1. What tally of residues in region 315-349 results from selecting those that are surrounded by fewer than 19 Cβ atoms within 10 Å (Cβ to Cβ) and under 23 Å from Ser409 (Cβ atoms)?
2. Residues of region 104-123 being of a type in the set (Phe, Trp, Tyr), surrounded by 13 or more Cβ atoms within 10 Å (Cβ to Cβ) and under 15 Å from Arg19 (Cα atoms), which ones?
3. For residues that are farther than 12 Å from Leu371 by Cβ and part of a strand (DSSP E or B), tally how many sit in region 389-416.
4. Please go through region 140-152 and pick out each residue that is free of Cβ contacts under 8 Å to residues at least 60 places away in the same chain and over 19 Å from Glu206 (Cα atoms).
5. Kindly indicate whether Glu155 is part of a helix (DSSP H, G or I) and either free of Cβ contacts under 8 Å to residues at least 12 places away in the same chain or out of contact with any Leu (no Cβ under 9 Å at 6 or more places or on another chain) (or both).
6. Going by the structure shown, is Ile328 over 30 Å from Ala216 (Cβ atoms) and either assigned to a helix (DSSP H, G or I) or modelled with pLDDT of 80 or more (or both)?
7. Of all the residues that make up region 26-49, how many are farther than 15 Å from Glu363 by Cα and modelled with pLDDT of 90 or more?
Amino acid sequence: MAALPATTIQEKLAEHAARLGEDVSRVRAADLDGFHMREAGTFLDLDLHGFTMFTVRADQLDLGIPRADLRGKYITRGTKHLVPKEYIKRLTNLGNRFRTSLERNSFNVTGPWRWVPFTAYARWKEEWAELDAELTALKAEILADYDAIKVRLAEIYAQIGAEAWQAHLARAGADDLDASLRDRDRYVARVVESALARLPTPGDIEHGIYATYYNARMLSLADVEADRLLQARREAERYEEEARAARADEFAQAQRRLVRAGEEAQRRLFFAEAEEKELEVRERRIQLQAMHDAEMEHARAQIARDGSMYRAIFDQYRAMIYEAASSILAAIEKHGYLPGANARQAQSMREVFAVLNAHGDHEIEQVLEQLDQLVQRRVPNPARGDKATYDTGAMVAALEKITALTVASAQRLAREAGSTRAGALMV
């Protein structure tokens, strides 16, 4: 039998992490082909979090648009800033520089992963460390200025609320407003409260704005097959070792019986029995080898099928998530807020995903957890009579990230919908 690799997949990942000087938790397996790429570089996925948390969608009260005004039905509301624009520009610039640094030192090859040659990895890590330190300093600066930002935010939106109230009054009159907002001071207070309620907390800023990355050790189907063969061989060797030990023990016991008995007849009987058992063991070994060879052939056939089936199943549940997220986005665009039925649909998305996520899809899992938290948290909505509603802006951002992550699977599944394999999988 040909010699098999002496390392398992986990050991390969640890070896890859050691070569990069990274913790093994930052290395994942990627099922791809390409021996040269595996030996000459690493795959890397950049993940930026919270870089847009200081911009949200403006409310109709902020804009002074009456309920019956056509602008509210046909013109999309813009965004409003919750911190000075300088901080937003610097944060956006940092995010772009994180991406540009990776793009400058890598190649786009598949999905979210970019291939970084080992020759460029050290330079990219130096740039990453500088950018990460700059991000930490920027967060510290915002946190140090947080109280002043909050006071300034209240002052600015008090002015905005006063101007919006005047615009509303001139356009439709006070009767168009809810009774609790016909008074100018109450209207202004509502606008200020809405802005302050959407300002992220210091904890959100400290822990919610960060950049991270993951490395991947590229694996081929041959690696997976070799790992399975290695495990099968180790199991066979363990069985043979146990059988050998059992035979040795039985032989020793029989010898002790012969010594105690001291009779030639019993000794002849012992050797006859030993020869018979040795024949049985040889036959059993032949049977085990035949079973082992058949199992290995089955494993190779199974691996050949798994690749396309794995991708098809992966695309199916991602396409389901894409359709649900698109439906919820359409409902928000139509109504200007998240209806209750669509809120339940958002919760159902995470429940269905939890059942179907046999592939360890961490990207979708993280965004769905964020969406689920937003569904469970409500804030006062001045446009709906101060009724507690969902944070529409944050929810739209989460849904748009979900559609961005899943649109490729939805398109691929649509192209392959007529094939026999896709039809079978749908059944």
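The values are calculated or read from the model by the stated rules, or taken from the named source; none is laboratory data. What you see is a predicted model, and the numbers here were worked out from it, not measured in a lab. Note that we place each Cβ from the backbone using ideal geometry, even for glycine, and neighbour counts take in every protein chain shown.
1. 12
2. Tyr121 - this is the single residue of region 104-123 that is of a type in the set (Phe, Trp, Tyr), surrounded by 13 or more Cβ atoms within 10 Å (Cβ to Cβ) and under 15 Å from Arg19 (Cα atoms).
3. Residues that pass the stated criteria total 1.
4. Here is the first cut: in region 140-152, the ones free of Cβ contacts under 8 Å to residues at least 60 places away in the same chain are 140-141, 144-148, 150-151.
Result: Val151, single match.
5. Working: part of a helix (DSSP H, G or I): yes; either free of Cβ contacts under 8 Å to residues at least 12 places away in the same chain or out of contact with any Leu (no Cβ under 9 Å at 6 or more places or on another chain) (or both): yes.
Yes, satisfied.
6. yes
7. So the count comes out to 0.
Here is a yes/no grid of residues against (1) farther than 30 Å from Ala154 by Cβ; (2) surrounded by 15 or more Cβ atoms within 10 Å (Cβ to Cβ); (3) at pLDDT below 75:
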| site | (1), (2), (3) |
| --- | --- |
| Glu225 | yes, yes, yes |
| Glu242 | yes, no, no |
| Glu250 | yes, no, no |
| Ala272 | yes, no, yes |
| Glu280 | yes, no, no |
| Leu288 | yes, no, yes |
